[in-house]
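The structure under discussion appears below in the form of structure tokens.
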Amino acid sequence: MRKELAESIIKLAIVNEKIIFLSGDLGFMALEGVRETLGERFINTGVAEQNMATMAAALAYEGFIPFIYSISPFITLRPYEQLRNDICLHNLPVKVVANGGGYGYGIMGSTHHNIEDIGSMRILPNMKVFVPFTGADVDASLQEMVNDSSPNYLRLNLASNQANIASFSQWRKIKESVNKPQAVIIGTGTVTDNLFKLPSYLLDDLEIWLLSKFPVDDIPPGLLEKISETKNVITLEEHQGQCGLHETLASLLLKKLKTSINYNTLFASGYPSGKYGSQQWHLEENNLAGKNLENKVLEFISNTNA
């Protein structure tokens, strides 16, 4: 999604001179166009993320719209105190852009992974979290972020190439069930794309929804109706089990549902084998891709029908 990010930032910055882009010494082969277009509004702060966050807070206080960019754990967890105290407590419109959420940096290991980012960001005061699915979602997210007066977090990953996906919004149904639905699967982020690789005997029985913005205050009536009908929900997220999609959804369903359901969760449990590999390898080890995902979805559907 770095290409889409660069194209959108350039487009927005041409018409809005308040936009400033700060990079933590990253962006090779991706942000050169941003640097050339923004000129002195592009600032390489070096490997100094805490300082970059505080600089952005000062710029936002003076009326600018600063974007700060780095690898996901470096732009969220390393400057967390500055994000909370300097930006969020003052409700300043700093836009935090993270590349490679989840296991995105693969073999580089846990120091470069971030399976805590959605939770750690969404609990900050005034922070809104955007989790795009397609490349087009990146542009739509940035348009919203620029027009929002609050701090925002954008989680980038490898974009899905699925066609005919509904336009970006907080909730989207992205696949109807071919047969009578046996489960509703709700995902967040591009890990949801792995569902489309399931064999047709499973995929045809699933209705798939996306949750792409946090915080969440309500559930669409159509989704609530389908959950009540199937009585079987599966959540899917490249994020740890706490403070992410499935806890958010569970809290809302407890308030809204009038019937009991089966509630099944698939999330990043860390490093079960204690080893590191590619992003795909980590997803498969955590039942979020490949044959392991297929087996888990089949298990959840079979248990409901038993």
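The values are calculated or read from the model by the stated rules, or taken from the named source; none is laboratory data. These figures come from a predicted structure and were not determined experimentally. Note: ideal-geometry Cβ built from the backbone for every residue, glycine included; neighbour counts use all protein chains shown. Only protein heavy atoms, including side chains, enter the accessible area calculation; ligands, DNA and RNA are left aside. Shrake-Rupley method; radii C 1.70, N 1.55, O 1.52, S 1.80 Å.
Only residues that are buried (at least 19 other Cβ atoms within 10 Å of the Cβ) and touching a Leu at 6+ places or on another chain (Cβ under 7 Å) were counted across the range 207-223, and they come to 4.
For residues in the range 147-190 being of a type in the set (D, E, K, R) and in a loop (DSSP other than H, G, I, E, B), which is modelled with the highest pLDDT?
Pass one, the range 147-190, residues of a type in the set (D, E, K, R): 148, 155, 172-173, 175-176, 180.
Now narrow it down to the ones that are in a loop (DSSP other than H, G, I, E, B): 148, 176, 180.
On the way: D148: 97, E176: 94, K180: 92.
For the range 147-190, the residue satisfying everything is D148.
For the range 122-131, state whether one or more residues are open to solvent by 60 Å² or more (accessible area, probe 1.4 Å), of a type outside the set (D, E), more than 25 Å from A289 (Cβ to Cβ) and part of a strand (DSSP E or B). Yes, there is a match, as at least one residue in the range 122-131 is open to solvent by 60 Å² or more (accessible area, probe 1.4 Å), of a type outside the set (D, E), more than 25 Å from A289 (Cβ to Cβ) and part of a strand (DSSP E or B). Of all residues in the range 76-113, those being open to solvent by less than 10 Å² (accessible area, probe 1.4 Å) and within 26 Å of A60 (Cα to Cα) number 12. Residues in the range 260-305 that are within 25 Å of L224 (Cβ to Cβ) and loosely packed, with under 14 Cβ neighbours inside 10 Å: S260, E299, S302, N303, N305. Scanning the range 1-21 for residues that are among the aliphatic types (A, V, I, L, M) and touching a residue at least 12 places away in the same chain (Cβ under 8 Å) yields M1, L5, A6, I9, I10, L12, A13, I14, I19, I20.
Looking only at residues in the range 21-44 that are open to solvent by 30 Å² or more (accessible area, probe 1.4 Å) and β-branched (V, I, T), which one is nearest to L83 (Cα to Cα)? The qualifying residue nearest to L83 (Cα to Cα) is I43.
For (1) in contact (Cβ under 8 Å) with a residue 12 or more places away in the chain; (2) under 24 Å from Q143 (Cα atoms); (3) among the small types (G, A, S), each residue gets a yes or a no:
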{"residue": "T45", "(1), (2), (3)": "yes, no, no"}
{"residue": "A57", "(1), (2), (3)": "yes, yes, yes"}
{"residue": "A60", "(1), (2), (3)": "yes, yes, yes"}
{"residue": "F64", "(1), (2), (3)": "yes, yes, no"}
{"residue": "Y69", "(1), (2), (3)": "yes, yes, no"}
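For the range 167-175, the condition holds for no residue, the condition being that it is in contact (Cβ under 8 Å) with a residue 60 or more places away in the chain, within 16 Å of the chain's Cα centre (by Cα) and either under 27 Å from T304 (Cα atoms) or open to solvent by less than 40 Å² (accessible area, probe 1.4 Å) (or both). Considering only residues that are closer than 19 Å to D217 by Cβ and surrounded by fewer than 19 Cβ atoms within 10 Å (Cβ to Cβ), which ones fall in the range 132-166? Hits for the range 132-166 are E144, D148, S149, S150. Close contacts from the range 71-86, counting a first residue that is of a type in the set (K, R) and a second that is in a helix (DSSP H, G or I), with Cβ to Cβ under 6 Å and a gap of 6+ residues or different chains, come to R78/E49.
Condition test on I219, is it within 27 Å of N152 (Cβ to Cβ), touching a helix residue (DSSP H, G or I) at 6+ places or on another chain (Cβ under 9 Å) and in a loop (DSSP other than H, G, I, E, B)? Yes, satisfied.
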